[in-house]
1. Among the candidates 216, 201, 210, single out the residue that is within 17 Å of residue 133 (Cβ to Cβ) and either touching a residue at least 40 places away in the same chain (Cβ under 8 Å) or among the polar types (S, T, N, Q) (or both).
2. Confirm whether residue 175 is out of contact with any Lys or Arg (no Cβ under 6 Å at 6 or more places or on another chain), of a type in the set (Gly, Ala, Ser), free of Cβ contacts under 8 Å to residues at least 24 places away in the same chain and closer than 30 Å to residue 97 by Cα.
3. Of all the residues that make up region 71-85, how many are surrounded by fewer than 18 Cβ atoms within 10 Å (Cβ to Cβ) and assigned to a helix (DSSP H, G or I)?
4. Would you mind stating whether residue 195 is within 19 Å of the chain's Cα centre (by Cα), of a type in the set (S, T, N, Q) and either closer than 16 Å to residue 48 by Cα or surrounded by 13 or more Cβ atoms within 10 Å (Cβ to Cβ) (or both)?
5. Return the total of residues in region 201-234 being closer than 23 Å to residue 90 by Cα and part of a helix (DSSP H, G or I).
6. Please pick out the residue among 174, 195 that is in a helix (DSSP H, G or I), closer than 23 Å to residue 36 by Cα, at pLDDT below 95 and hydroxyl-bearing (Ser, Thr, Tyr).
7. Given the condition under 25 Å from residue 144 (Cβ atoms), open to solvent by 30 Å² or more (accessible area, probe 1.4 Å) and in a loop (DSSP other than H, G, I, E, B), answer yes or no: does some residue in region 16-31 qualify?
8. What do you reckon, is residue 126 buried (at least 17 other Cβ atoms within 10 Å of the Cβ), basic (Lys, Arg), at pLDDT 95 or above and part of a helix (DSSP H, G or I)?
Amino acid sequence: MSFDFTSENIAGFLRDVAKEYRKLGGKNMPAEMILVGGAAVMVNYGFRNLTTDIDALTYAASSFEDAIRTVGAYHDLPAGWLNSDFARTSSYSEKLREVSIYYRSFYHVLTVRTVASEYLIAMKLRSGRPYKNDFSDIAGILQEEKERGNFISKDRIEAAFCELYGESGVMPETSREFLNRISELSDYRELYQETKRQENQSRNLLLEFQEKNPGQLKENSVNEILEELTNKLTDE
């Protein structure tokens, strides 16, 4: 079962979690949350409409997980609708708490922060998944920031990447190529549309492969399989 989270209903669900957490004694131990991934994109920008889950880092008492489960059951949300799995991915950094920015507070027990601008771009470059929304999100962020009068240069992005992941942090080659490409542009609208089409195509290719080859699509082989499928499609 999947569910579409939007910028509007995310706030409502977080409010419900805070209310439930307060009932469970959260007023004696306030919680902090940092939204990342698609949720962070949506609460900061207007170009993305939905995400299928909410990735977040949480700092709270154990009863916070109980509150999440209670709210999920009440609204019939999928398991893991609000999760911290992100902390086990390559995009995670201990520095995220330092660079996060305030978003909203709920019931005086939950403070929600988020990540925006060049730090969010750096995180997307770190993951660099051509079958997700990583690259289109980057183009969308750059365009909206530019329209706000905040031009984000390649140097700023690289500095943010280094701050999050250190000088030895590895950026995937596809991400490096994308970063070099965007550094040559001053308008990102066409790039956003083009990248979005490519991501949709990649997702469809992988879904078709998975249907034909159950159990063969593993996380460590996705990029290799996708490259083969894309090359095959190009040759046809």
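The values are calculated or read from the model by the stated rules, or taken from the named source; none is laboratory data. Bear in mind that the values here come from a model prediction, so they are computed numbers and not experimental data. Backbone-built Cβ (ideal geometry, glycine too); neighbour counts: all protein chains shown. Remember, those area values only see protein heavy atoms, side chains included, never the ligands or the DNA or RNA. Shrake-Rupley method; radii C 1.70, N 1.55, O 1.52, S 1.80 Å.
1. Numbers: 216 fails: within 17 Å of residue 133 (Cβ to Cβ); 210 fails: within 17 Å of residue 133 (Cβ to Cβ).
201 is the lone residue from the list that is within 17 Å of residue 133 (Cβ to Cβ) and either touching a residue at least 40 places away in the same chain (Cβ under 8 Å) or among the polar types (S, T, N, Q) (or both).
2. Judged against the criteria, residue 175 is not a match.
3. Within region 71-85, residues that are surrounded by fewer than 18 Cβ atoms within 10 Å (Cβ to Cβ) and assigned to a helix (DSSP H, G or I) number 3.
4. In short, yes.
5. 12
6. Details: 195 fails: at pLDDT below 95.
After ruling out the rest, the residue left standing is 174.
7. no
8. yes
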